[in-house]
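Everything on this sheet refers to the single structure shown next.
The values are calculated or read from the model by the stated rules, or taken from the named source; none is laboratory data. If you're wondering where the values come from, they're calculated on a predicted model, not measured in any experiment. Please note: Cβ atoms are built from the backbone with ideal geometry, for glycine as well, and neighbour counts cover all protein chains shown.
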């Protein structure tokens with residue numbers, strides 16, 4: 001069907017195969033099943049006059065039309081096929097195939113069709129990491145903007161909450177507000193992770209469908225070469241600036257707990273952005289991503305200030321990451 005002399009392209013061939021598939025699903029009678037060269041002799045044996053040097057396809061089509069219009073002819077052809085060796089051969093072939101399938105266990109059957117990857121997952125991560133690093137190098141302004149924004153935002157937060165009082169009445173509320181503002185700033189700073197993945201989304205779908213690499217290898221490479229340098233390093237600079245300017249406890253253990261909480265908040269925001277970018281292909285539709293983060297911000301504020309009932313507070317503190325990160329700080 002796909003030869004050049006027939007003039008059929010892939011779409012036409014697909015249409016023909018779909019038509020044949022639909023015809024086979026209608027469950028009509030079979031009148032011949034065998035080599036094309038034996039059609040003329042078989043039909044002559046059934047009493048049909050076959051002109052010499054005629055096209056076999058035209059002969060079969062004429063006989064099918066005639067049988068469709070005359071029930072007696074169709075009945076005779078069906079009876080002749082049932083009593084012919086062709087049907088016996090088909091039944092024997094189906095019986096042998098059924099015996100082969102039933103004698104093979106499920107585990108062995110899966111093993112026969114097991115597809116082994118052309119390369120290991122480590123090699124896939126290696127090559128994907130190389131490509132991701134090249135993409136990051138081609139966008140130096142993005143890395144510079146991330147670091148600049150983190151440093152400027154850290155200085156602003158450190159200036160606003162500079163050396164807070166260690167008292168009970170104003171000091172505690174100010175520290176709570178500072179912790180919450182730090183979390184919100186870190187999560188919303190990860191919104192830049194949406195657009196780059198949207199641009200690579202079509203390429204990612206094409207390559208994974210083609211079996212170029214595993215899905216988990218792609219995301220591990222993204223984590224190592226995109227999220228860590230572009231998200232974690234700026235967040236660490238932000239944490240270093242704000243921690244010592246705002247007057248937190250100057251101990252190593254408390255500092256690393258603070259750094260871990262900032263890291264978790266940053267990873268949470270990046271994960272939400274990557275999930276939204278992988279699910280939706282249009283940038284404007286990612287406004288729902290911002291809305292979900294704003295909803296979590298509102299509920300976390302309610303939990304922090306105890307504006308809801310005790311039951312709602314218990315639900316909020318286990319469902320929403322903002323509240324849990326706030327508790328860690």
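Out of 27, 37, report the one residue that is assigned to a helix (DSSP H, G or I), surrounded by fewer than 13 Cβ atoms within 10 Å (Cβ to Cβ) and either in contact with a helix residue (DSSP H, G or I) (Cβ under 8 Å, 6 or more places away or on another chain) or at pLDDT below 80 (or both).
Residue meeting the stated conditions: 37.
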Q: Residue by residue through segment 19-43, note down the ones that are more than 19 Å from residue 87 (Cβ to Cβ) and either in contact (Cβ under 8 Å) with a residue 24 or more places away in the chain or more than 51 Å from the chain's Cα centre (by Cα) (or both).
A: 40
**Q.** The lone exception for residue 81 - which of (1) at pLDDT 80 or above; (2) not assigned by TED's automatic domain parsing to the domain that holds residue 42 it fails
**A.** (2)
Q) Of 274, 258, which residue is touching a residue at least 40 places away in the same chain (Cβ under 8 Å) and within 22 Å of residue 124 (Cβ to Cβ)? A) 274
